[in-house]
Ligand SMILES: [Zn+2]
């Protein structure tokens, strides 16, 4: 029997989910696709500008998601009050369980810098499209 290269979607190290594939899957989720910025979050994004909001985003990810065992995991992301929170629910980057299920980032270990960057890119794309 001839061994062929692995065809696994996610390699053991490195690559996270393809972002186009992810957004196609999110669009098929009735729950995820319901999320929209409210007037207050939209105004806040407008006022602060996207680069500043993405700074907040990185801080939220590092503090609330990146630790191996985040505090109150599953409940750490409010449903409103900041554009990034809404974007997190819309993109399934709200908690480690959703990160594992949707983004193939395993629970129980700290997130890598690359994973933090990937999650920020996902949230940026959602915010930019609206
Ligand atoms: Zn979640």
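Read-outs throughout are calculated quantities, based only on the coordinates presented, and are distinct from any laboratory measurement. What you see is a predicted model, and the numbers here were worked out from it, not measured in a lab. For neighbour counting, all protein chains shown are included, and Cβ atoms are generated from backbone atoms with ideal geometry for every residue, glycine included.
Send over the semi-axes of segment 40-129's equivalent ellipsoid, whole angstrom and largest first, taken as the square roots of 5 times the C-alpha gyration tensor eigenvalues.
Gyration-tensor ellipsoid for segment 40-129: 21, 13, 11 Å.
Just to be sure I understand: with springs between alpha-carbon atoms less than 10 Å apart, which residue in 115, 41, 63 has the highest mean-square fluctuation in the Gaussian network model of the chain?
Maximum fluctuation in the GNM of the chain, among the listed residues, is at 63.
Grab the beta carbon distance between residue 49 and residue 117, set R0 = 22 Å, and tell me the FRET efficiency rounded to 0.05.
On the way: r = 20 Å, r/R0 = 0.90.
Efficiency at R0 = 22 Å is approximately 0.65.
Can you tell me how much longer the chain between residue 19 and residue 36 gets when fully stretched, taken as 0.36 nm per residue apart minus their C-alpha distance, in nm with one decimal?
That works out to 4.2 nm of additional length.
Using the basic label-point model (7 angstrom from Cα toward the beta carbon), what is the residue 109 to residue 68 distance in nanometres?
Result for the modelled spin labels: 1.1 nm.
Over the chain, with a Gaussian network built from C-alpha contacts below 10 Å, which listed residue (34, 109, 17) shows the highest mean-square fluctuation?
34
Average projected area of the Cα convex hull of segment 79-130, in nm²?
3.6
Using alpha carbon centroids, what distance separates segment 15-42 and segment 48-118, in Å?
About 14 Å separates the Cα centre of segment 15-42 from the one of segment 48-118.
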